[in-house]
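Novice: One structure follows; several queries about it will come next.
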C-alpha cells in the first residue's frame, strides 16, 4: 500500500513493505529537462549515445523488475516496443536490445526512423541482434493482446510538443489506449503534457522516469520506477533533485 | 619518470555481425517465436558443450572490428557497459563494508588505449557506488572520447594523481619499477593483465587478485591465479557469440558480470 501526499512540489512516498521513506523534492519541468541535458552534454561532456545507452539499459532492468520472465502469462516472453522518431524512440531501441540480452523476445515497431546517424546505429544494432521489426501496427487490438505480454511505449518523450502529435503517432496512440495488456511508458506517457498531471495520453501500468520524474508523473498511481544512475552530484545539488539512494550497484529504484 | 610500462593493455569490446531486417505483418508473433527459439536451442547446446572459450589476440581483434564495423556499436557505448561491468565486479569482490580503510579509496590506473577508457568509466561508476576512486592517467590520448571521459570524472570530483603514490607495504622482490603495483593490497585488472602477453601470460608480471575479462576471456587468463575471475561486457550479440563459438555462460538475471571461478 502506497501512501501519497503532495505538498507544493514535494511528493512523499511511503511503502508499507519496506517502510522506506522516499522523498522527491523536484519533479522536472520540460524546460528543466532540456537545461540539465544541455549541461550534461556541454559541460560534463557526456555523449548522446552514451546517455541513451545508460537510459535504455536502465529501462530494460526496470522492466525486468516490473515483469520478471517468470511472471509473464504467455508461452513466449514476447513484448512489443513501440519507438517514436526522436530520443525517446532511440532509448526504446537500446531497451529492446538489452531485453533481448535478458532473454525476453522483443519485437519493435519503428515507423519513422530518425535520419541522424547516431540514432540509425541503434537500429542496426537491434537488426543485427535479429530483433524483428514490424512493418505496420495492427489496428485490431486483439492481435496485439494475443501476441504480446506487454507494450513498451517509447514513442514520445519530454522533447515532444504534446499538442502537435502528428501521424502516424496520433493513430498509434488511439490503438494503444485500447490494448488490454500492460503498457510501460519510457520517461513520460506518450501524448501527455510533460508539465501537467497526465490525463490525455497513454495511461500506462508502469512508468519508468529517466534521471528524475517529470511533472506529469505527479499523482501517477501505477508502478513508478526511477532509472538511470549517472547524474553527477553537482547537478543533483544544483537542481535540488534530492534523488533517492539507489541500493547497492542498482541503477533502478522503485518509487 | 615512473619506469612503469603501460599498465593496462589494449581494450577489447566491439562486435558486430550481419543480420537481416525482418518486417512482417499479421504473423509477427509466430515469426518472432521462430527466431528466438532457434537462439534458445543454441544456448542450451552451448551449456552442454565445452566451457567458455579463451580468445587469442587475433580473434579478440576480429571480434572488436565486427562489433564496430558490422554491428554499428560505438566505442563510447560499449565502453560505458564495460566500465560498468568492471565497477560492478569490483563491488562484488570488495564490497564497501569489507574494506579496511576509510574512506573506501580505490586507485584506478589507466593506460593510453581503450582499456584506460574502460578504467575511467569504471572510476565514475565506483564513485556513484560509494567508493572513493582516484585516477592515475599519465598518458592521455588526444581523442575526444578519452577527453570527454576524463572531464566526466573530473566533474564528479574524482581526483587525478600526477604520479604514482608511495606504497607502504614492502614488496616481496626488489623489482624497482613494478614494486609500486606489487605493494598495493589488491589489484584487479580489466581486459588482460598489463605486461602479460595476451596469449601466454607472464610469470614475472603483476599477479592480480581479480581479473575482469571483457567480452570473453583471453588466453592469458589461463595463467590467472587470483581469487576472482569475472566476465563482463554483457553486450555480445547472440549471432556473434555463435560465430566465434564463445560459449559464454548465462549471466545471472540482469547482472552485467558473471563470476567464472
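Novice: With respect to residue A:173, determine if the residue is more than 18 Å from residue A:215 (Cα to Cα), at pLDDT below 95 and buried (at least 18 other Cβ atoms within 10 Å of the Cβ).
Specialist: Spelling it out, residue A:173 is indeed more than 18 Å from residue A:215 (Cα to Cα), at pLDDT below 95 and buried (at least 18 other Cβ atoms within 10 Å of the Cβ).
Novice: Can you tell me which residue within region A:116-139, out of those that are part of a helix (DSSP H, G or I) and in contact with a helix residue (DSSP H, G or I) (Cβ under 9 Å, 6 or more places away or on another chain), is farthest from the other protein chains (Cβ to nearest Cβ)?
Specialist: A:119
Novice: Among the residues of region A:44-56, is any in a loop (DSSP other than H, G, I, E, B) and closer than 25 Å to residue B:66 by Cβ? Even if it seems obvious, please write down each step before you answer.
Specialist: Here is the first cut: in region A:44-56, the residues in a loop (DSSP other than H, G, I, E, B) are A:44-47.
Now narrow it down to the ones that are closer than 25 Å to residue B:66 by Cβ: A:47.
Within region A:44-56, one or more residues are in a loop (DSSP other than H, G, I, E, B) and closer than 25 Å to residue B:66 by Cβ.
Novice: Next question, about the same structure. Could you check region B:89-190 for helices (runs of 4 or more DSSP H) lying wholly inside it with 1 or more residues that are away from every other protein chain (no Cβ under 14 Å) and modelled with pLDDT of 95 or more?
Specialist: B:114-128
Novice: Could you look through region A:229-255, keep only residues that are at positive phi and more than 11 Å from every other protein chain (Cβ to nearest Cβ), and pick out the one that is surrounded by the most Cβ atoms within 10 Å (Cβ to Cβ)?
Specialist: Ranking the candidates gives A:242 first.
Novice: Got a sec? Which of B:235, B:230 is outside any strand (DSSP E or B), touching a residue at least 60 places away in the same chain (Cβ under 8 Å) and either touching a helix residue (DSSP H, G or I) at 6+ places or on another chain (Cβ under 8 Å) or away from chain A (no Cβ under 12 Å) (or both)?
Specialist: B:235
Novice: What pairs come up if the first residue lies in region A:64-76 and is within 12 Å of chain B (Cβ to nearest Cβ), the second is part of a loop (DSSP other than H, G, I, E, B), and their beta carbons are under 6 Å apart, counting only those six or more places apart or on different chains?
Specialist: As it stands, the answer is A:64/A:102; A:64/B:254; A:69/A:77; A:74/A:149, since those pairs meet every condition given.
The values are calculated or read from the model by the stated rules, or taken from the named source; none is laboratory data. Predicted model only: the values in this text are computed from it and were never measured. No Cβ is skipped: glycine too gets one built from the backbone with ideal geometry, and neighbour counts run over all protein chains shown.
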